[in-house]
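The values are calculated or read from the model by the stated rules, or taken from the named source; none is laboratory data. Computed from a predicted model, the values in this text were never measured in an experiment. When we count neighbours, we look across all protein chains shown, and the Cβ atoms used for this are built from the backbone with ideal geometry, even at glycine.
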Amino acid sequence: MAMRSINPATGAVVETFEAAGARAVDAALARAVTAAARWRRTPFVDRSAFLTAVADRLDAEREALARLAVREMGKPIRAARDEVAKCAFACRHYATHGARMLTPDEVVDGEFRGTVRYDPLGVILAVMPWNFPYWQVFRAAVPALAAGNAMVLKHASNVPRCAMEIARVFRDAGAPEGLFETLLVPASGVAPIIADPRIAAVTLTGSEAAGRDVAAHAGRAIKKCVLELGGSDPFIVFADADVARAAEVAVTARMLNNGQSCICAKRFIVEAPVAAAFAEAVGARVRALRVGDPMDETTDVGPLALATGVTDLDDQVRRSLASGARVLAHAAAPTTPGFWFAPMILANVPRDAAVAAEETFGPVAPILTAHDAIEAIALANATPFGLGASVWTRDAALADRCAAELDAGMVFVNAMVASDPRIPFGGVKTSGYGREVGVLGLREFVNAKTVRGSIAG
């Protein structure tokens, strides 16, 4: 089976790759097992030096890697550069702080003494998406490698060159053979790899459907898995908020990565007294968005990554309009070949409309009005997803209440939801389980090993 790299801005095929066969997969897993056995015994000071070298490579190749991401999945060039820089930051963060995160915990209670060690599991399979072709991989890989594991990557089929380049960056930075392997295999090839006894655990970022499938296979093999799935993140604006600032950030949070992010602000929930002002401010900002060539430095929103993304989003908007929603504001999108979709904000949206009840993966957002804080929180929680939430208020008590009551893995106050290597990232409900990055992310793929006893002197 061939894998094609398609430029979303033109619809043209850029490169074609042959999928890896069974022999290539077997050889890669064999190399990874050998590397993992050696890497776990490598002192952290050497792992740290390696991660620093990876960061240096990313910094040196930032422009080339950014342009490649633009070519394969269409994000604006400025965002692509930022993504590469974020990967470098993650490398340096774990190079600096990883040893502390892995330090054994001493448990002392009177005369009781015990120790918890954090030892690597072995080879981790990472099944990663296309929307952040570098960051999603590095977010999983860097903590795992810092902990002493090896990693095998099955990347999204529409970003094969990015997948190959990630492996090359690790090699060029001095990775031992097999420490990080990229496998160009289709989705149908994931289950046999999970079942292979050489794989110790699995991490996936992707759709709910993909998560259910991977979790089922991991469960049958009795292997740990971490799932970072979809989201329908609420962006809640209370009556006391700085409406102008909230509107500015709301548009950024919705249009991030051309609207193709699990943590994009998917539903604007606005308290009634400021609903009109918020709608006006958001509408003005959306109309001013520049949609076009993602290589252009002035572009705000590029194309969607896949032709199916355009079809799916168009269907959701059409169903929502048929249910009574109306277009409040939209930007102009190119009519040239490519996977273009005009960014838009919808008003008068019924709460069961598609854009409110389903995850939307593109530059579309509904405005929903709540009469008070109780209704706003209830509306925010009225979804099967539970990834992130953004809350806008000047009331500290209300912010604390939202942090406690919102069904989300992350709550950001007067800020947009974002991942950061220094704090855990992940969700609840159908947004998945487990955590990436932060100390919790690093410890997802370790053996928390209890040690008790002593050697008499």
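At-a-glance table
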{"read-out": "Strands (runs of 3 or more DSSP E) lying entirely in the stretch 197-265 (those with 2 or more residues that are buried (at least 24 other Cβ atoms within 10 Å of the Cβ), modelled with pLDDT of 95 or more and of a type in the set (Ser, Thr, Tyr))", "value": "199-205"}
{"read-out": "Count of the stretch 294-347 residues which are touching a residue at least 40 places away in the same chain (Cβ under 8 Å), of a type in the set (Ser, Thr, Tyr) and under 20 Å from THR252 (Cβ atoms)", "value": "1"}
{"read-out": "Residue in the stretch 46-62 that is buried (at least 19 other Cβ atoms within 10 Å of the Cβ) and either among the polar types (S, T, N, Q) or in contact with a His (Cβ under 6 Å, 6 or more places away or on another chain) (or both) present", "value": "yes"}
{"read-out": "Sole exception among (1) closer than 30 Å to ALA12 by Cβ; (2) assigned to a helix (DSSP H, G or I) for PRO334, by number", "value": "(2)"}
{"read-out": "Condition check for ALA396: surrounded by fewer than 17 Cβ atoms within 10 Å (Cβ to Cβ) and either hydrophobic (A, V, I, L, M, F, W, C) or not assigned by TED's automatic domain parsing to the domain that holds ARG254 (or both)", "value": "yes"}
{"read-out": "Verdict on VAL142 being β-branched (Val, Ile, Thr) and either farther than 22 Å from SER207 by Cα or not assigned by TED's automatic domain parsing to the domain that holds GLU18 (or both)", "value": "yes"}
{"read-out": "Filter result (in contact with a Lys or Arg (Cβ under 6 Å, 6 or more places away or on another chain), part of a strand (DSSP E or B) and within 30 Å of ALA382 (Cβ to Cβ)) within the stretch 422-457", "value": "GLU436"}
{"read-out": "Positions within the stretch 16-54 being acidic (Asp, Glu) and closer than 21 Å to THR96 by Cβ, in sequence order", "value": "ASP46"}
{"read-out": "Test: residue in the stretch 364-373 that is of a type outside the set (A, V, I, L, M) and under 27 Å from the mean Cα position of the chain (by Cα)", "value": "yes"}
{"read-out": "Positions within the stretch 59-78 being over 12 Å from PRO133 (Cα atoms), among the aliphatic types (A, V, I, L, M) and out of contact with any Lys or Arg (no Cβ under 9 Å at 6 or more places or on another chain), in sequence order", "value": "ALA60, ALA64"}
{"read-out": "Filter result for VAL286 (part of a helix (DSSP H, G or I), farther than 22 Å from GLU208 by Cβ, modelled with pLDDT of 95 or more and not acidic (Asp, Glu))", "value": "yes"}
{"read-out": "Verdict on THR311 being of a type in the set (Ser, Thr, Tyr), at pLDDT 95 or above and within 25 Å of ALA281 (Cβ to Cβ)", "value": "no"}
{"read-out": "Residue in the stretch 361-371 that is without any contact (Cβ under 8 Å) to a residue 12 or more places away in the chain, farther than 24 Å from ARG4 by Cβ and of a type in the set (S, T, N, Q) present", "value": "no"}
{"read-out": "Residue under evaluation ALA408, criteria (1) out of contact with any helix residue (DSSP H, G or I) (no Cβ under 7 Å at 6 or more places or on another chain); (2) surrounded by fewer than 17 Cβ atoms within 10 Å (Cβ to Cβ), criterion not met", "value": "(2)"}
{"read-out": "Hits in the stretch 259-284 (condition: in contact with a helix residue (DSSP H, G or I) (Cβ under 6 Å, 6 or more places away or on another chain) and more than 29 Å from LEU229 (Cα to Cα))", "value": "VAL274, ALA277, PHE278, ALA281"}
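Okay, residues lined up against (1) out of contact with any strand residue (DSSP E or B) (no Cβ under 8 Å at 6 or more places or on another chain); (2) within 13 Å of VAL237 (Cα to Cα); (3) assigned to a loop (DSSP other than H, G, I, E, B):
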{"site": "VAL355", "(1), (2), (3)": "no, no, no"}
{"site": "GLU359", "(1), (2), (3)": "no, no, yes"}
{"site": "ALA365", "(1), (2), (3)": "no, no, no"}
{"site": "THR369", "(1), (2), (3)": "no, yes, no"}
{"site": "LEU379", "(1), (2), (3)": "no, yes, no"}
{"site": "VAL391", "(1), (2), (3)": "no, yes, no"}
{"site": "ARG394", "(1), (2), (3)": "yes, yes, yes"}
